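Inspection log for the structure reproduced underneath, given as structure tokens.
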Amino acid sequence: MKSSSLAWYVAVACIGGSLCMGPVVQADSPTKVKTNSPVSAAVVTQAQPVQPVTVTAVKNDGVSATTNNTVTNNDVAAQEALKQKQQYQAETETMGLLWMRTSAEYRALAYQGYNVAMNAVKMAVTDPSHQRKPLAIVLDADETVVDNTKLMGESIVNGNGRFDAPWWRQAVHQGKSQAMPGAVEFLNEVHKQGVEIFYVSNRYAPVNLDVTIQNFKELGFPSVDKDHVLLFEKDSDKQPRFDMIAKKYYVIVYMGDNAGDFLIGTKGKTLAERNAIIDNHKEDFGTTFVVFPNPAYGSWVSALAKGYQNLSSEEQKQVNNQYLQQ
């Protein structure tokens, strides 16, 4: 998950990098909710993903005197279906998000990721072969250096696990994203080493850039300005932004919680294709790529089935249960 940059968003996800069942790329646009038919008999497989079945209300102003009532009933049904989906998604996300909010293991993995990246930075700084270009690191923001799990937890407690574009805009504009454990120390040490830091995030730039910069500065992050905070504008694919940075800098390490945070071409790929791409780059993880855990949302969710975000809660449950038993 486009007629203009303000009118579309990509479905995962990635703070994220959606785990969550809602759209996961943090673009900011109106969200269209499709109502689905009763549970489809088709259940997703990697080769044959579930196709969402959309019910369209047909309006004929000149024929039926009950048109307005029909439209109203359809609106109510759509709202109820959305509410049920939000509640189901909240229930399925609870344990993953609780793990992020409470576990010592999650904190340990954050520190581990920063330690791996710092070792790579220190090696690069002392390696004369890299001195032909200035050095840099490239990292995602949400669930990589900033922690949004409190905001997500509050939403889930209120029965909404659908982290769509309007939700993200509201969350970002609260300015309450917290620093991940060890993030401030790591980023400031990288800055001290003379290495440039680029925050490449799929927060939607036209409405989120200024508040993101303000929040990051308040957290004590270095290199926080419009030249280093590169948010999503016209293309949610991060590759063009990666390429722009690589023209001028030698990138030591890429860091993120979603496969799309790395220059390996997973955007739009199926679940099986994504896993195969990861296998082909297995030697890069822990060296050039550092991955942070995120069992709350990410692009892997939309890869579960074609149109997964628009499936009813019952259809999503069928998809989930099939994968759990494979």
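Rounded to the nearest 20 Debye, what is the dipole magnitude of the range 118-168 about its Cα centre when Lys and Arg each give +1 and Asp and Glu each give -1 at the C-beta?
Values: 5 positive and 7 negative charges, 63 e Å.
Value, rounded to 20: 300 debye.
Using C-alpha positions alone, give me the convex hull volume of the range 266-326 per residue in cubic angstrom.
In the range 266-326, the Cα hull volume divided by residue count equals 101 Å³.
Heavy atoms only, probe 1.4 Å: what % of the accessible area of the range 111-253 goes to carbon and sulfur, would you let me know?
Percent of accessible area from carbon and sulfur atoms in the range 111-253: 49.
The range 182-272: D in µm²/s via Stokes-Einstein (Kirkwood Rh, Cα pairs, 10 °C, 1.306 mPa s)?
112
With +1 on the Cβ of every Lys and Arg and -1 on the Cβ of every Asp and Glu, and nothing else charged, how large is the dipole of the range 204-280 about its Cα centre, in debye rounded to the nearest 20?
In total the dipole reaches around 180 debye.
Using the per-residue mean of other Cβ atoms lying within 10 Å as a proxy for protection, in what order, highest first, do the peptides 198-204, 152-158 fall?
198-204, 152-158
Cα extents of the range 239-301 along the three principal axes, largest first, in whole Å?
Principal-axis extents of the Cα atoms in the range 239-301, largest first: 34, 24, 22 Å.
I'd like to know which of S177, S201, P222 lies farthest towards the positive end of the charge dipole of the range 154-268, counting +1 on Cβ of Lys and Arg and -1 on Cβ of Asp and Glu.
Highest projection toward the positive end goes to S201.
When the scattering of the range 102-194 is computed by the Debye formula from its Cα atoms alone, each counted once and equally, what is log10 I(q)/I(0) at q = 0.16, 0.21 Å⁻¹?
Debye output, listed in q order: -0.77, -1.05.
The values are calculated or read from the model by the stated rules, or taken from the named source; none is laboratory data. Everything numeric in this text was worked out from a predicted model, so none of it was measured. Virtual Cβ from ideal backbone geometry, glycine too; neighbours counted across all protein chains shown. Ligands, DNA and RNA are stripped out before the accessible areas are found, and what is left, the full protein with its side chains, is counted by its heavy atoms. Shrake-Rupley method; radii C 1.70, N 1.55, O 1.52, S 1.80 Å.
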